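Trainee: A single structure is presented below for examination.
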Amino acid sequence: MLHMSIKAPVPAATSTAGRHPSALLRARGAVDHRAEALWRTAPFLAGLSLCCALVALWSLVGRVPAPLLGGWGVLVVAVNAAMLRARRRAADPTASGPARSGWRPIAEAAGHAALWSTLPAAVFAGQPAATQALLGAAMGTMMAGAFLLAIVPLAATAWVLAIAIAFVWALHAQGGETLASGIVLLSVFSAVVIAGCLTIERLLARQVGVAHDERERGEAIGLLLREYEEQGAGWLWQTDAHHQLTYVSPRICDRLGRSTAQLLGHSLPVLLGCDAKLGQALAARVPFAGVELPIAAAMGECWMSLSASPIFGVGGEFEGFRGLGSDVTEVRRAQDRIRRVALMDDLTGLPNRQQVRGLVTEAIAYAERRGSRAALLFADLDGFKAVNDRFGHAAGDAALRAVAERLARVAGTQGQVGRLGGDEFAIVMAQCDSREMAEALGHRLIKAVAEPVDFGSGALQVGLSIGCVFAPTDGGSVDELLVKADIALYQAKSRGRGRLTLFDKTMQRDAEERVLLERDLRQALARDQLKIEYQPVIDVETQAIVGFEALIRWAHPERGLVPPAIFVPIAEECGLIAGIGEWVIRTACTDAASWPGSIFVSVNVSRVQLELPGLPSVVGEALVATRLQPARLELEVTENVFQGESAGPLDVLRRLRALGVGIALDDFGSGYSSLGYLNRTIFHTLKLDGSFVRDAAHKSETLAVIRAIVALAKTFRMDVTAEGIESFEDFARMKDLGCKRVQGYLFGRPAPRAQATALLLPADTRAAE
């Protein structure tokens with residue numbers, strides 16, 4: 001039902017000037033109400049006055065001269081008659097002026113009470129106790145008559161005070177020991193009567209106000225409902241106790257294509273299609289709102305919303321429902337469009353993350369019902385960041401749309417493809433008969449995405465890595481499957497590009513182990529668990545130490561020595577490498593500053609560090625703080641610095657080279673080996689990987705490659721350092737091939753700073769120590 005509340009604003013001033021018209025009308029209504037109430041109670045007050053006067057006259061007969069009693073009685077009758085006439089005139093709505101003024105009832109009440117109490121008060125003293133008791137009772141009863149004037153509190157107060165003053169005067173004239181107690185009792189009685197009158201007036205005023213507001217509200221609601229119905233905003237209806245229509249707006253008749261006569265007397269649920277929700281709402285016999293149901297209308301199916309309240313008779317019997325109806329067809333259509341938009345990815349038109357979760361939930365339930373399995377393939381593009389960085393986001397969006405189309409085309413009916421966000425996709429296979437079926441689909445997807453993507457002026461090429469989980473084997477909830485699929489995807493990424501990896505329990509243990517290591521690694525630096533050891537670098541000709549490579553170590557209090565190959569990737573992924581790398585550079589520079597001036601120190605720098613534009617500032621500050629000459633610091637980078645198309649790492653390397661520090665290309669020959677790296681003009685040293693050196697012992701082609709690399713390095717005026725020298729034969733071979741420096745266990749293992757520093761002392765000094 002329609003509920004409204006209409007209230008007039010409360011005026012700030014108390015005068016009538018500038019007051020809102022509704023406030024003036026309400027004030028005029030209050031005056032009319034009080035006048036009518038005084039007229040209705042006037043006969044009772046007159047009767048009370050005459051009865052009490054008769055009691056007083058009867059008690060004074062023979063004790064007071066008859067003319068005095070007669071004259072007083074006549075005056076009382078005349079005053080009551082005049083009061084009745086005045087009340088009748090005041091209640092007349094056409095009257096105006098003094099008859100309807102607010103002060104007249106007060107003056108009349110005061111005069112009436114004063115006149116009535118004059119005789120009893122004047123003759124009270126000297127009368128017998130019985131007579132005084134009757135006179136006191138009559139005066140007290142007259143005081144209680146103030147309740148008949150309670151609608152006008154000032155009139156009731158004037159009535160009580162007039163009689164009370166006369167009574168006090170009478171008690172004073174009588175004198176005696178009971179004077180004080182009598183006055184106290186009279187005062188208390190007067191106060192109680194006045195307080196009662198005030199309370200009654202407030203309650204009556206509140207009820208009158210509520211009734212007035214309800215009347216105004218009812219009138220306003222009636223007007224609004226008529227306007228609501230006439231303007232076609234909705235339709236009204238009413239049923240009897242059997243849910244048969246007793247009233248219905250013409251608007252719904254037009255919508256249903258039937259006349260009012262064809263609808264009245266028929267069951268509302270039946271007319272609206274026997275919808276279960278409406279039937280339950282009507283059967284409950286309680287107010288309901290927003291019950292939406294489809295209706296087969298003359299102009300096609302539409303949606304109606306019904307709201308209603310039950311009707312009960314005076315005896316509490318159920319009489320039916322009265323309510324409103326509105327056409328919500330367009331609202332429902334808009335909601336459907338919004339719902340579709342909310343569940344679809346704007347860029348690709350695929351289901352978004354929210355809908356993918358729903359699809360996975362349905363796939364799990366389907367697999368459980370059939371006793372089969374479902375598969376979830378979690379896919380991520382390889383090298384997509386480089387596309388955005390090099391060609392811009394427009395090209396990246398084009399690539400994502402092309403990939404989405406390929407995934408959907410290849411998946412076909414085997415799986416539903418969705419986009420989780422960024423360059424992440426999911427393929428939900430609600431029915432997966434075997435692991436081989438999921439693997440086959442995954443490999444087809446990888447192959448399809450690997451094809452170049454045309455985008456107008458050129459072509460892009462990205463790869464696809466996939467992690468795969470099965471339900472219910474790997475998990476029975478959406479969150480569990482998504483987490484495990486992400487773990488499998490991480491393993492696929494770590495093993496190289498364009499791979500499909502199926503989840504197994506060892507992956508989860510590894511992931512949990514990695515989480516624990518990451519937690520401990522965050523505290524390792526603050527707890528002084530990270531150490532640096534130095535491995536000597538030897539000059540081939542003199543076999544003297546010319547420098548040291550700084551190698552970080554993590555001495556875990558429980559796990560022991562954690563290899564850098566394990567914790568450094570974790571530091572890179574969780575954002576700790578910047579802080580750790582800065583500490584390594586600063587510590588290495590501090591230690592090198594205490595060595596002889598010809599000894600350099602080399603520090604490994606990862607690609608993630610080179611992505612940070614602030615790295616040159618970190619290196620510069622460390623050199624200044626330790627007063628180490630820039631030429632004595634060498635930064636080692638691996639070939640993966642050239643992965644992708646981002647120019648950021650190379651720009652950082654050039655800025656570092658401008659500081660005067662050396663740049664070495666580490667592990668050359670182990671990864672993306674390309675002689676094209678050597679013409680970058682930023683490297684001054686090339687370090688051959690240890691595996692490359694060991695292969696030279698039994699592979700002639702490796703010897704030829706090393707010889708060519710050394711010759712090319714000399715062309716670019718770069719020194720060559722051979723790593724992994726573990727035997728004299730390795731040393732001799734690398735010397736013959738033209739390497740300038742060597743490094744390996746043959747000349748020393750990594751050692752703490754004190755032991756490394758001791759290697760720089762003369763032989764006799766070391767022997768003495």
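The values are calculated or read from the model by the stated rules, or taken from the named source; none is laboratory data. This one's a predicted model, so the numbers in the text were calculated from it and none came from an experiment. Cβ atoms come from the backbone with ideal geometry, glycine included; neighbour counts cover every protein chain shown. Calculation scope for accessible area: heavy atoms of the full protein, side chains included, ligands and nucleic acids excluded. Shrake-Rupley method; radii C 1.70, N 1.55, O 1.52, S 1.80 Å.
Trainee: When you look at Gln335, is it under 27 Å from Ala296 (Cα atoms) and modelled with pLDDT under 90, yes or no? Quick ask: steps written out before the conclusion?
Mentor: On the way: under 27 Å from Ala296 (Cα atoms): yes; modelled with pLDDT under 90: yes.
Against the criterion (under 27 Å from Ala296 (Cα atoms) and modelled with pLDDT under 90), Gln335 qualifies.
Trainee: Out of region 452-474, which residues are part of a strand (DSSP E or B) and either open to solvent by less than 40 Å² (accessible area, probe 1.4 Å) or over 19 Å from Asp423 (Cα atoms) (or both)?
Mentor: Taking region 452-474 and keeping what is part of a strand (DSSP E or B), we get 453-454, 459-460, 463-471.
Matches in region 452-474: Val453, Leu460, Gly463, Leu464, Ser465, Ile466, Gly467, Cys468, Val469, Phe470, Ala471.
Trainee: Now a separate question. If you go through region 591-604 one residue at a time, how many are within 53 Å of the chain's Cα centre (by Cα) and open to solvent by 10 Å² or more (accessible area, probe 1.4 Å)?
Mentor: 2
Trainee: Further, regarding this structure: Since Met437 meets every condition but one in (1) open to solvent by 30 Å² or more (accessible area, probe 1.4 Å); (2) in contact with a helix residue (DSSP H, G or I) (Cβ under 8 Å, 6 or more places away or on another chain), which condition does it not meet?
Mentor: Going through the list (1) open to solvent by 30 Å² or more (accessible area, probe 1.4 Å); (2) in contact with a helix residue (DSSP H, G or I) (Cβ under 8 Å, 6 or more places away or on another chain), Met437 breaks only (2).
Trainee: Can I ask one more? In region 491-513, which residues are open to solvent by 50 Å² or more (accessible area, probe 1.4 Å) and either more than 41 Å from the chain's Cα centre (by Cα) or not polar (S, T, N, Q) (or both)?
Mentor: Filtering region 491-513 down to residues open to solvent by 50 Å² or more (accessible area, probe 1.4 Å) leaves 493-495, 497, 499, 504-506, 508-510, 512-513.
Residues satisfying the conditions are Lys493, Arg495, Arg497, Arg499, Asp504, Lys505, Arg509, Asp510, Glu512, Glu513.
Trainee: Only residues in region 623-638 that are of a type in the set (Lys, Arg) and open to solvent by 50 Å² or more (accessible area, probe 1.4 Å) count as the first member; pair them with residues that are at pLDDT 95 or above and part of a strand (DSSP E or B), Cβ under 9 angstrom, at least 6 apart or cross-chain, and list the lot.
Mentor: none
Trainee: Follow-up question, since we're still on this one. Picking from Gly738, Gly724, which residue would you name as being touching a Ser or Thr at 6+ places or on another chain (Cβ under 9 Å) and at positive phi? Write out each step before concluding.
Mentor: On the way: Gly738 fails: touching a Ser or Thr at 6+ places or on another chain (Cβ under 9 Å).
Within the list Gly738, Gly724, the selection yields Gly724.
Trainee: Among the residues of region 427-468, which ones are within 39 Å of the chain's Cα centre (by Cα) and farther than 24 Å from Leu359 by Cα? Give the derivation first.
Mentor: From region 427-468, those within 39 Å of the chain's Cα centre (by Cα) are 427-432, 438, 442, 445-446, 449, 462-468; that's our starting set.
Val462, Gly463 - these are the residues of region 427-468 that are within 39 Å of the chain's Cα centre (by Cα) and farther than 24 Å from Leu359 by Cα.
Trainee: Just for helices (runs of 4 or more DSSP H) wholly inside region 668-739: which have at least 1 residues that are modelled with pLDDT of 90 or more? Can you show your working first?
Mentor: Numbers: elements: 690-695, 700-715, 728-737.
Where helices (runs of 4 or more DSSP H) fall fully within region 668-739 and carry at least 1 residues being modelled with pLDDT of 90 or more, they are 728-737.
Trainee: Sticking with this one: Could you pull out the residue among Leu223, Leu204 that is within 24 Å of Ala107 (Cβ to Cβ), open to solvent by 50 Å² or more (accessible area, probe 1.4 Å), part of a helix (DSSP H, G or I) and modelled with pLDDT under 80? Spell out how you get there, then give the answer.
Mentor: Working: Leu223 fails: within 24 Å of Ala107 (Cβ to Cβ).
Exactly one residue qualifies, and that residue is Leu204.
Trainee: For region 535-549, does any single residue satisfy the condition of being of a type in the set (S, T, N, Q), open to solvent by 40 Å² or more (accessible area, probe 1.4 Å) and more than 30 Å from Lys484 (Cα to Cα)? Quick ask: steps written out before the conclusion?
Mentor: Residues of region 535-549 that are of a type in the set (S, T, N, Q), as a first pass: 535, 542-543.
With open to solvent by 40 Å² or more (accessible area, probe 1.4 Å) added as a condition, the list becomes 542-543.
Filter again for more than 30 Å from Lys484 (Cα to Cα), leaving 542-543.
Among the residues of region 535-549, at least one is of a type in the set (S, T, N, Q), open to solvent by 40 Å² or more (accessible area, probe 1.4 Å) and more than 30 Å from Lys484 (Cα to Cα), which makes the answer yes.
Trainee: Now a separate question. I need the full set of residues from region 280-289 which are crowded, with 18+ Cβ neighbours inside 10 Å and either in a helix (DSSP H, G or I) or of a type in the set (Lys, Arg) (or both), in order please. First the steps, then the outcome.
Mentor: Our first condition is that a residue be crowded, with 18+ Cβ neighbours inside 10 Å; within region 280-289, this holds for 281-282, 288.
Scanning region 280-289 gives Ala281, Leu282.
Trainee: Pairs under 6 Å by beta carbon, first residue free of Cβ contacts under 8 Å to residues at least 40 places away in the same chain in region 374-403, partner open to solvent by 20 Å² or more (accessible area, probe 1.4 Å), six or more apart or different chains?
Mentor: These pairs meet every condition: Gly396/Asn388.
Trainee: Which residue pairs have Cβ atoms closer than 7 Å, lie 6 or more positions apart in sequence or on different chains, and pair a first residue in region 536-548 that is under 16 Å from Ala732 (Cα atoms) and in contact (Cβ under 8 Å) with a residue 12 or more places away in the chain with a second residue that is among the basic types (Lys, Arg) and in a loop (DSSP other than H, G, I, E, B)?
Mentor: That search, which allows pairs on different chains as well, returns Val540/Lys740.
Trainee: Would you mention how many residues in region 417-451 are among the acidic types (Asp, Glu), without any contact (Cβ under 8 Å) to a residue 40 or more places away in the chain and not in a helix (DSSP H, G or I)?
Mentor: 0
Trainee: What do you reckon, is Ser691 of a type in the set (Gly, Ala, Ser) and open to solvent by 40 Å² or more (accessible area, probe 1.4 Å)?
Mentor: Numbers: of a type in the set (Gly, Ala, Ser): yes; open to solvent by 40 Å² or more (accessible area, probe 1.4 Å): yes.
Judged against the criteria, Ser691 is a match.
Trainee: Here's another thing I want to ask about it. Give the residues of region 404-414 that are surrounded by 17 or more Cβ atoms within 10 Å (Cβ to Cβ), closer than 11 Å to Arg444 by Cβ and not β-branched (Val, Ile, Thr), sorted by residue number.
Mentor: Once the filter is applied, which keeps residues that are surrounded by 17 or more Cβ atoms within 10 Å (Cβ to Cβ), closer than 11 Å to Arg444 by Cβ and not β-branched (Val, Ile, Thr), region 404-414 yields Arg406, Leu407, Ala411, Gln414.
Trainee: Tell me which of these Ala173 doesn't satisfy, since it passes every other one: (1) at pLDDT 80 or above; (2) among the hydrophobic types (A, V, I, L, M, F, W, C); (3) loosely packed, with under 15 Cβ neighbours inside 10 Å.
Mentor: (1)
Trainee: Test of understanding: among Thr157, Thr118, Thr94, Thr141, which residue is over 15 Å from Phe189 (Cβ atoms), assigned to a helix (DSSP H, G or I) and either open to solvent by 20 Å² or more (accessible area, probe 1.4 Å) or at pLDDT 80 or above (or both)? Even if it seems obvious, please write down each step before you answer.
Mentor: Working: Thr157 fails: over 15 Å from Phe189 (Cβ atoms); Thr94 fails: assigned to a helix (DSSP H, G or I); Thr141 fails: over 15 Å from Phe189 (Cβ atoms).
It is Thr118.
Trainee: Let me ask another. I need a count of the residues in region 475-485 that are free of Cβ contacts under 8 Å to residues at least 60 places away in the same chain and either open to solvent by 40 Å² or more (accessible area, probe 1.4 Å) or not basic (Lys, Arg) (or both).
Mentor: Step one: of region 475-485, the residues free of Cβ contacts under 8 Å to residues at least 60 places away in the same chain are 475, 479-480, 483-484.
Restricting the remaining residues to those that are either open to solvent by 40 Å² or more (accessible area, probe 1.4 Å) or not basic (Lys, Arg) (or both) gives 475, 479-480, 483.
The number of residues fulfilling the criteria is 4.
Trainee: Out of the residues in region 312-353 meeting the condition of being touching a residue at least 40 places away in the same chain (Cβ under 8 Å) and part of a helix (DSSP H, G or I), tell me which one is most open to solvent (accessible area, probe 1.4 Å).
Mentor: Arg353
Trainee: Could you tell me whether Leu75 is at pLDDT 80 or above, under 18 Å from Val123 (Cβ atoms), open to solvent by 40 Å² or more (accessible area, probe 1.4 Å) and assigned to a helix (DSSP H, G or I)?
Mentor: Details: at pLDDT 80 or above: yes; under 18 Å from Val123 (Cβ atoms): yes; open to solvent by 40 Å² or more (accessible area, probe 1.4 Å): yes; assigned to a helix (DSSP H, G or I): yes.
Answer is yes for this residue.
Trainee: Would you call Ala488 farther than 30 Å from Ala394 by Cβ, open to solvent by less than 30 Å² (accessible area, probe 1.4 Å), in contact with a Phe, Trp or Tyr (Cβ under 7 Å, 6 or more places away or on another chain) and not polar (S, T, N, Q)?
Mentor: So Ala488 fits the description; yes.
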